[in-house]
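Read through the structure below, which is laid out as structure tokens, and then see the notes.
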Amino acid sequence: MKKIFLSIILTFLIPISIMLTGCTDSDKKYGITLDSLNNGNIYCYVSEAKEGEKVKLYYENIETGYQFLYFTLNGEQIDGDTFTMPSEDVTISAVINKIQYNISYHIDSDTTFKNTETPPTTYTIGSVIEIPDAVKFGYIFNGWYSDCNFNNRVNIIWAGMYGNLNLFPKFDIITYSINYYNVENSLHLNPTSYNKKTGDISLTNATRQDYEFKGWYDNKYFTGEEIKTIPAGTTGNINLYAKFISTKVDNEGYRLITSAIDFLEIIPKNLDGKYRVQGQISFKGYEYVPIGDKNNPFTGELDYVSGFLRDISITSMDEYTGLFRYIKNATITGISIGDIDIKISSNMGFNEYVGALAGYAENCVIDDVDVSYADIDARVRSCYAGSLIGSAKNSTISNCEICYSPIKILATQVIYAGGVCGNASNSTISKCCVEFKTSTNIDLDSQTQNGKIYCGGLVGESYKSTISNSYVWQENSEIKTNLLGKYGSSFVGGLVGYLGYTSSISNSYALLVNIKCYDEFSSTDYDGDMYLGGLVGKAYSNSSITNSFLTTFKDGSSRLLYLTCEDYKGFIVGNSNNMDLITKNYVDSEIYFVGGTSKFGDSLYITIDTLKSIKALLKWDTNIWIDFYGVNIGPILK
């Protein structure tokens, strides 16, 4: 009986044990929470699971331009899409990033980017990126396109774009112009445009009647190499200048000079030719190279049809400088020279000869040559300078006019300077005038211990030469010499500084204002001599001054003449060893000689009334001179 009851009891306990086992912690489920995402959704097949249970996750609806990377469980990355449920509630999330797309540029080796910018090579959705323009010489850039047929233009990467991007630049070829200059009245068959794809262009010659074509150049001064070909691949507008040389010859056999390039190229190649200047010729912008030299001087003829030579700039270290370095047995007539600037700097040890027309003239005839606004500035050892000629030998100079032409020289030894020429030897100067006007002067400095200065309004030094029917006007200006050494000498005159051996002055006058001749040393230290005269600084014993006079402008009620000199000075001549040859010369009696009243020579002092009728007193040739115009000026040459 007991066995049966025990059996019943055991039978009853088995389900209870089973039931108790199912209610343990191993049956507990834990919650699964899913984070919300901005750019897609994640899902789990269950919302809770027991510890150790495998749980599968999945995602969907990821927005365009974004990509799923991985799931996280409580912030830790999950490997794959399945995790084992831990014994706790969990939070599931996901990491989603923007996709980085590639940008590919389909360009050739000739293409770069504007301002050498580095273009972007990637982008992500939501970006706004400007793409720099492409640059290709010879072409105009017309935008980027996403297809090679240029149907879809991409001006900018905008926020909503996605996907890898291929970009193709669109270019339009540029047509460049070829401009031709100096081709008036000429013909040529060259093209007026080209582009980068044009092949080599071989330029053909231009033709013009009475001219020889000398090539195409890229500048109007014809410097550099002649241009014969425009190579393929060239870019940019092109300016071409035709170089023509005149071949005109008039009925007297003179070659006509019609341009600056004619003057610079024709004359140097034939130094004994006959030439005539036709029209105004400007050398502005040209690198002027003086013509001829001592071994190969200009020996030809030069005159004019009309006009003058102007705008000349010369910088030199040569021994001879001017339009011509050296002229010999030449005839130059009727030429006008204006706006010429000459600068010389040399320590070569030789004498410098400089003049607007020529540095040196030997056995020449120079007639009716005018020089205006010639500026000579020299820094040399010794110098012969004249606004017209540096030094003249065995030459005739007549009917020449010099005005507004300053001379400034700093030398270490000897200076010869004059309005017409620095030195005249065995020469004749007649019917010439020099006008020193506002802000123009002669300014000379000699720096050596034994330096010498020969300075005259017409000629610095005259040797065996004659000067006649000529004059100097000095108005609101200054002629100044300065000896910077102890033992030098200065010879300064309104007409001639030193009137040397068998030289003469006649029928000439000086209208002066201010001449200074001084040195940097006190009288006790200074052993040299200074000679200053209204007409001549010093006259050699057998030289003569006749039938000439000195006057000045009237300043209010006075006629002031500033002749500043420490040693020898006079109205007519500063000093002479033979006053018998200085006769019949006249000085305006109203002149007040500032700095003293020395009157050297047989000089008559005339009144203003007499000055008005000085023509009768001097008996000057009325075919040469024009009457006085008033009490403040002298006669002028016809």
>> I'd like the full set of residues that are at pLDDT 70 or above, under 49 Å from the mean Cα position of the chain (by Cα) and either surrounded by fewer than 18 Cβ atoms within 10 Å (Cβ to Cβ) or more than 13 Å from Gln474 (Cβ to Cβ) (or both), limited to region 546-561.
In response: Ser548, Phe549, Phe553
> Got a number for residues in region 73-95 being assigned to a strand (DSSP E or B) and surrounded by fewer than 17 Cβ atoms within 10 Å (Cβ to Cβ)?
Replying inline: 6
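Filter region 236-272 for residues that are of a type in the set (Asp, Glu) and either buried (at least 19 other Cβ atoms within 10 Å of the Cβ) or more than 24 Å from Pro297 (Cβ to Cβ) (or both) and give the result.
Once the filter is applied, which keeps residues that are of a type in the set (Asp, Glu) and either buried (at least 19 other Cβ atoms within 10 Å of the Cβ) or more than 24 Å from Pro297 (Cβ to Cβ) (or both), region 236-272 yields Asp250, Asp262.
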> Checking Glu287 against (1) surrounded by fewer than 16 Cβ atoms within 10 Å (Cβ to Cβ); (2) in the same structural domain as Glu362 (by TED's automatic domain parsing), which single condition isn't satisfied?
Replying inline: (2)
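Can you tell me which of Lys431, Lys464, Lys437 is at pLDDT below 80 and assigned by TED's automatic domain parsing to the domain that holds Ala358?
Lys437
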> Being touching a helix residue (DSSP H, G or I) at 6+ places or on another chain (Cβ under 9 Å), assigned by TED's automatic domain parsing to the domain that holds Leu563, of a type outside the set (Val, Ile, Thr) and at pLDDT 95 or above, is that true of even one residue in region 470-488?
Replying inline: no
>> Of everything in region 401-444, what is in a strand (DSSP E or B), polar (S, T, N, Q) and crowded, with 24+ Cβ neighbours inside 10 Å? Give them in sequence order.
In response: Asn423
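Just to check your reading of the model, which residue among Tyr286, Tyr241 is aromatic (Phe, Trp, Tyr) and under 29 Å from Tyr326 (Cβ atoms)?
That would be Tyr286, the only listed residue that is aromatic (Phe, Trp, Tyr) and under 29 Å from Tyr326 (Cβ atoms).
Residues are listed down the side, and each one gets a yes or a no for (1) outside any loop (DSSP other than H, G, I, E, B); (2) touching a Lys or Arg at 6+ places or on another chain (Cβ under 6 Å); (3) within 14 Å of Gly419 (Cβ to Cβ):
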| residue | (1), (2), (3) |
| --- | --- |
| Ile342 | yes, no, no |
| Asn347 | no, no, no |
| Ala361 | yes, no, no |
| Val371 | yes, no, yes |
| Ala378 | yes, no, no |
| Ala385 | yes, no, yes |
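With the structure loaded, tell me whether Thr207 is among the hydroxyl-bearing types (Ser, Thr, Tyr) and modelled with pLDDT under 95 or whether it fails that test.
On the way: among the hydroxyl-bearing types (Ser, Thr, Tyr): yes; modelled with pLDDT under 95: no.
No: the conditions fail for Thr207.
Scan region 358-371 and give yes if some residue there is within 20 Å of Tyr454 (Cα to Cα) and of a type in the set (Phe, Trp, Tyr), otherwise no.
Yes, the conditions are met somewhere in region 358-371.
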> Only one residue in Tyr326, Tyr275, Tyr360 is in the same structural domain as Leu458 (by TED's automatic domain parsing), without any contact (Cβ under 8 Å) to a residue 40 or more places away in the chain and crowded, with 16+ Cβ neighbours inside 10 Å, so which one is that?
Replying inline: Tyr326
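Yes/no matrix, rows are residues, columns are (1) outside the structural domain of Asn195 (by TED's automatic domain parsing); (2) closer than 18 Å to Gly233 by Cβ; (3) of a type in the set (Val, Ile, Thr); (4) at pLDDT 95 or above:
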residue	(1), (2), (3), (4)
Lys114	yes, no, no, no
Pro119	yes, no, no, no
Ile131	yes, no, yes, no
Ala134	yes, no, no, yes
Asn142	yes, no, no, yes
Asn151	yes, no, no, yes
Trp158	yes, no, no, no
Asn164	yes, no, no, yes
Tyr180	no, no, no, yes
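The values are calculated or read from the model by the stated rules, or taken from the named source; none is laboratory data. What you see is a predicted model; the values in this text were computed from it and never measured. FYI the Cβ positions are ideal-geometry reconstructions off the backbone, even for glycines, and counts take in every protein chain you see.
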